[in-house]
Amino acid sequence: MRVKRYIVNALPEAVSMIRSELGKDAVILNTKEIKVGGFMGMFRKKKVEVIAAIESNQVNAPPVQQQRVQSPEVDAVVEQILQTAQRKTPSAAATAVMEPIIAQPVSGSPTKMEREQFIIDEIRDLREYMIKLSKQQSSNSAMSVHLIQLQEHLSEQEMDVLWIERLLQAIIDKQVEERSEYNKEQVWEHAGEQLEAWLRPYEGSGISSSARVVHFVGPTGVGKTTTIAKLAAEQTIKKGRKVGFITSDTYRIAAVDQLRTYANILNVPIEVVFSQMDLPRAMKQLAERDLIYMDTAGRNFRSELHVSEVNSLLQSSEPSETILVLSMTGKTRDMAAVAEQFCKYGVQKVLFTKLDETSVYGAIFNLIMNFELLPTYLASGQTVPDDIEKFQVDTYIQKLLRGNGS
Ligand SMILES: Nc1nc2c(ncn2[C@@H]2O[C@H](COP(=O)(O)OP(=O)(O)OP(=O)(O)O)[C@@H](O)[C@H]2O)c(=O)[nH]1
Ligand SMILES: [Mg+2]
């Protein structure tokens, strides 16, 4: 069986696409009104999702005599259309409607009779579809129910509509390729496999071992300072590396004290910089340290001004990298706006915090795939140093697909 999914403005549009792509024996398995595009659930456009199928051995099969199915309402409509089409002198309006239909399939110059016959055949086929559709509309096939469950689950997880559609299409294509209809377990298993194939290339990007200076940037209160303390504890206690801190967060009262407290606990030296000019001095003071973590002030980083301001502090003559810290409690579109700003400045790595405060994980997928950001760590709690772990594709996909619609 060959199965195909169409997203169209209205059903008739799909019917003609199905007819030309799958042939006149194709069956509509399911239709559903969906909303696509938009921005955080707003301004979304209404579309119709149509799932159609054809028995493989019927694709490109020679035309067979259609069996007439009884349906008085459909008959009445079709009869009316047939009468119009068969009029000896079609009206200008009727011709205008018919022309595009006949222009495609007929090559050369068809006679008037041929043209009329073609239209009649078209209308008969349409009639069959309408009857099949009215029969099948009430009963979803098992396969489409599972796909719909998957779709609903992922949209609750705030995964981008476009990626959901790509995922569904990939599963449908797989079914076609394997000539089988997946049960629920298979649909979710294939979803996991596809997500893994997409995410796997981005895995394994901790903090680069060659970077001596690591800058942490991100919006206010996302957990930059806490995360620095967690990572510094890992490096000093577990790996025995000599860590130093620099903070440029002089905006907020007590910001320096917050990092200084962690510095005292971990026995790590700390330098405060007020501007780019102070950086060489701070670096000189920390010349003996293996690794320097630089804390920055949280700002409204949807504003490019603030991004360029913090970027001027991130210049380093040493091998360095910058980690964008984002909290999972932030709104998906705000996270995307901030990521977009930092990507302009070449930031490639991201760290997500506060996973413990949400059960919606789609934003992580969106940011990785849409901005090609490399995920480093996931932080899930306030406890220093325990509540942080390296990003792992398998664990993440389990979180994303948890609840699998049952
Ligand atoms: N639940 C939870 N809270 C966290 C996590 N990481 C940090 N926090 C808390 O978030 C709050 C802000 O953390 P900070 O580390 O000060 O955040 P920041 O990004 O440095 O904030 P600014 O410097 O003001 O921009 C604190 O109460 C932290 O304990 C996390 O993974 N989960
Ligand atoms: Mg801070």
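Quick notes
- Answer residue from the stretch 290-323, given it is away from ligand 2 (no atom under 14 Å from the Cβ), in contact with a strand residue (DSSP E or B) (Cβ under 8 Å, 6 or more places away or on another chain) and not aliphatic (A, V, I, L, M) and is nearest to GLY362 (Cα to Cα) among those: THR322
- In the set (1) part of a strand (DSSP E or B); (2) in contact (Cβ under 8 Å) with a residue 60 or more places away in the chain, the condition left unmet by GLY244 is number (2).
- The one condition from (1) under 20 Å from TYR6 (Cβ atoms); (2) within 16 Å of ligand 1 (Cβ to nearest atom) that VAL161 does not meet is (2).
- Among the residues making up the stretch 184-204, none is open to solvent by less than 20 Å² (accessible area, probe 1.4 Å) and either touching a Ser or Thr at 6+ places or on another chain (Cβ under 9 Å) or not in a helix (DSSP H, G or I) (or both).
- Selection within the stretch 324-346 - out of contact with any helix residue (DSSP H, G or I) (no Cβ under 6 Å at 6 or more places or on another chain) and farther than 21 Å from GLY362 by Cβ: LYS344, GLY346
- Within the option set ARG252, ARG281, being charged (D, E, K, R) and in a loop (DSSP other than H, G, I, E, B) holds for one residue only, ARG252.
- Selected residue (only one of LEU266, LEU259 is at pLDDT 95 or above and either more than 18 Å from LEU351 (Cβ to Cβ) or touching a Leu at 6+ places or on another chain (Cβ under 6 Å) (or both)): LEU266
- Residue in the stretch 216-232 that is over 32 Å from the mean Cα position of the chain (by Cα), in the same structural domain as ASP386 (by TED's automatic domain parsing), β-branched (Val, Ile, Thr) and modelled with pLDDT of 95 or more present: no
- Counting only residues that are closer than 26 Å to GLY37 by Cβ and not in a helix (DSSP H, G or I), the stretch 157-183 holds 4 of them.
- Counted residues, the stretch 259-276 - those being within 13 Å of ligand 2 (Cβ to nearest atom) and open to solvent by 60 Å² or more (accessible area, probe 1.4 Å): 2
- The C-beta contact set for the stretch 220-241 (first residue within 16 Å of ligand 2 (Cβ to nearest atom), second residue assigned to a loop (DSSP other than H, G, I, E, B) and among the hydroxyl-bearing types (Ser, Thr, Tyr), distance under 8 angstrom, 6+ apart or interchain) comprises LYS224/THR296.
- Between ALA233, ALA254, the distinction of being exposed (fewer than 15 other Cβ atoms within 10 Å of the Cβ), within 16 Å of ligand 1 (Cβ to nearest atom) and of a type in the set (Gly, Ala, Ser) belongs to ALA254 only.
The values are calculated or read from the model by the stated rules, or taken from the named source; none is laboratory data. No experiment lies behind these values; they were computed from the predicted model shown. A quick note on method: Cβ atoms are made from the backbone with ideal geometry, for glycine too, and the neighbour counts reach across all protein chains shown. Please note that ligands, DNA and RNA were not included when accessible areas were found on the heavy atoms of the full protein model with its side chains. Shrake-Rupley method; radii C 1.70, N 1.55, O 1.52, S 1.80 Å.
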